[in-house]
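Novice: The structure is given below, and queries will be raised subsequently.
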Amino acid sequence: MKKVIVLVFTLFFIAIASDAALAQGKGKGKGKGKGKGQFKNEQKDNRGEEANFKELEIVTSAQCGMCKEKIEGALGMVKGIKSADLNIESKIVRIMYNPEVVNSEFIRQTIASQGYDADGVEADRDAYKDLPKCCKKK
Ligand SMILES: [Cu+2]
């Protein structure tokens, strides 16, 4: 009987120790890569390794700060996109994405679904109609 109790206690302590190790590991990543337009999803690939991100630039029909927020917000919801930063002057959005998770065509479609042109992909008509006046193409 004593042996069983010792075994249970040993397992219990192992569980606590590994939990603590896990929490420490998580803490290490904090404060890293938290710049503008950085999203916290999909920083790692399926094997748990640091993913190889690709850079992509898409010309949009964005007009103002609201457009920037809308486009960056929508891209932030897409799995596999690490960051998106739209320059309103150039209307170009620069995206870092994991090509194993998402492709450039899907990213353009996402922008178009918000009512904006994305390279050759035309804005979704209904979404464009719903945009505020300041966000419509001049
Ligand atoms: Cu706008």
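The values are calculated or read from the model by the stated rules, or taken from the named source; none is laboratory data. All values derive from a computational prediction rather than experimental measurement. Heads up, the Cβs are rebuilt from the backbone with ideal geometry, glycines too, and the neighbour counts pull from every protein chain shown.
Novice: Tally the residues that are farther than 15 Å from residue 39 by Cβ and either surrounded by 18 or more Cβ atoms within 10 Å (Cβ to Cβ) or of a type in the set (Gly, Ala, Ser) (or both), restricting the search to the range 92-120.
Specialist: Count: 11.
Novice: Condition first: within 18 Å of residue 59 (Cβ to Cβ), within 17 Å of the chain's Cα centre (by Cα) and part of a strand (DSSP E or B). Can you find one or more residues in the range 97-111 that meet it?
Specialist: yes
Novice: Continuing with the same structure: Within the range 123-138, track down each residue that is more than 8 Å from the ligand (Cβ to nearest atom) and in a helix (DSSP H, G or I).
Specialist: 125, 126, 127, 128, 129, 133
Novice: Out of the range 57-80, which residues are in contact (Cβ under 8 Å) with a residue 40 or more places away in the chain and either outside the structural domain of residue 99 (by TED's automatic domain parsing) or part of a loop (DSSP other than H, G, I, E, B) (or both)?
Specialist: 61, 62, 63, 64
Novice: Could I ask something else about it? Out of everything in the range 94-117 that is touching a Ser or Thr at 6+ places or on another chain (Cβ under 7 Å) and within 15 Å of the ligand (Cβ to nearest atom), what residue ends up being farthest from residue 73 (Cα to Cα)?
Specialist: Step by step, filter the range 94-117, then rank; the result is 117.
Novice: Check 91, 44, 70, 54 and return the single one that is modelled with pLDDT of 95 or more, more than 24 Å from residue 128 (Cβ to Cβ) and of a type in the set (Lys, Arg).
Specialist: Criteria check complete, one pass: 54.
Novice: Does the range 94-104 contain at least one residue that is among the polar types (S, T, N, Q) and in contact with a Gly (Cβ under 8 Å, 6 or more places away or on another chain)?
Specialist: Within the range 94-104, one or more residues are among the polar types (S, T, N, Q) and in contact with a Gly (Cβ under 8 Å, 6 or more places away or on another chain).
Novice: Please enumerate the residues belonging to the range 86-108 that are of a type in the set (A, V, I, L, M) and within 11 Å of residue 118 (Cα to Cα).
Specialist: Across the range 86-108, the qualifying residues are 92, 93, 107.
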